[in-house]
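Everything below concerns the one structure shown next.
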Amino acid sequence: MKSMISSVFLATGMMFLISGLSSAQPARGSNARQMYNPATETTFKGTVEAVTQVARGQMMGTHITVKEGEETRNVMLGPSSFIASKEFKFAKGDSVEVTGSRVTMGAAEYVIAREVVKDGKTLTLRDKNGTPAWAGTQMGPGHMMPMPH
């Protein structure tokens with residue numbers, strides 16, 4: 001009986017986790033537009049302080065921490081495989097210009113990047129409505145970006 005109750009709680013928890021991840025950065029564009037808000041779009045320049053590959057299950061995304069003056073911003077880029085396919089790499093010390101939507105998840109603030117300019121080269125991650133550039137592509141496992149911890 002105890003293991004059955006545990007299984008029910010585990011299954012319920014997994015459903016909430018999966019629904020949270022799928023609404024964070026779906027492969028198809030519909031829910032991504034709900035999270036990306038053009039009204040909160042901002043552009044800033046700064047220096048990359050850290051690059052993080054965030055993985056949950058088969059999903060992997062690239063996040064960068066950018067320092068702009070005294071402020072540090074957490075930036076969600078997109079699927080690591082998509083970024084690599086565009087021949088972009090980010091490293092500590094890189095100078096970048098980020099355009100993206102400011103969002104709050106839990107107690108943390110993030111910027112969901114639409115474009116990142118590095119070394120005069122532009123990486124376009126989303127259109128102006130927030131639809132991911134990888135939406136509708138068949139990129140296989142590891143293409144979605146999970147919500148941050």
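Any read-out appearing in this document is the output of simple, stated calculations on the displayed coordinates, not a laboratory observation. What you see is a predicted model, and the numbers here were worked out from it, not measured in a lab. Because the Cβ atoms are built from the backbone with ideal geometry, glycine has one as well, and the counts that use them run over all protein chains shown.
Compute the length gained on full extension between GLU71 and ALA39: take 0.36 nm times their separation in residues and subtract their Cα-Cα distance, giving the result in nm to one decimal.
9.4 nm
Just check region 62-130 against the gyration tensor rule for me: Cα atoms, a ≥ b ≥ c as the square roots of the eigenvalues, rounded for a/c under 1.5, and otherwise prolate or oblate depending on whether a/b exceeds b/c.
oblate
What is the gain in length, in nm to one decimal, between ASN129 and ALA55 on full extension, counting 0.36 nm per residue of separation less the C-alpha to C-alpha distance?
24.1 nm
Taking the number of other C-beta atoms within 10 Å as the exposure measure, put MET60, MET105 in order starting with the fewest.
Ascending Cβ contact count within 10 Å gives the list MET105, MET60.
Work through the residues other than ARG114 whose Cβ is under 11 Å from its Cβ and net out their charges, Lys, Arg +1 and Asp, Glu -1.
Counting the neighbours of ARG114, the net charge comes to -1.
Explain nothing, just compute: Karplus ³J(HN,Hα) = 6.51 cos²θ - 1.76 cosθ + 1.60, θ = phi - 60°, for every residue of region 73-81 in order, whole Hz, x for Gly and Pro.
For region 73-81, the Karplus-derived couplings read 10, 8, 10, 8, 8, x, x, 4, 5 Hz, x marking Gly and Pro.
Taking H placed 1.01 Å from N in the peptide plane, check which residues at least 5 places from MET105 or on another chain put their amide H under 5 Å from its amide H.
TYR110
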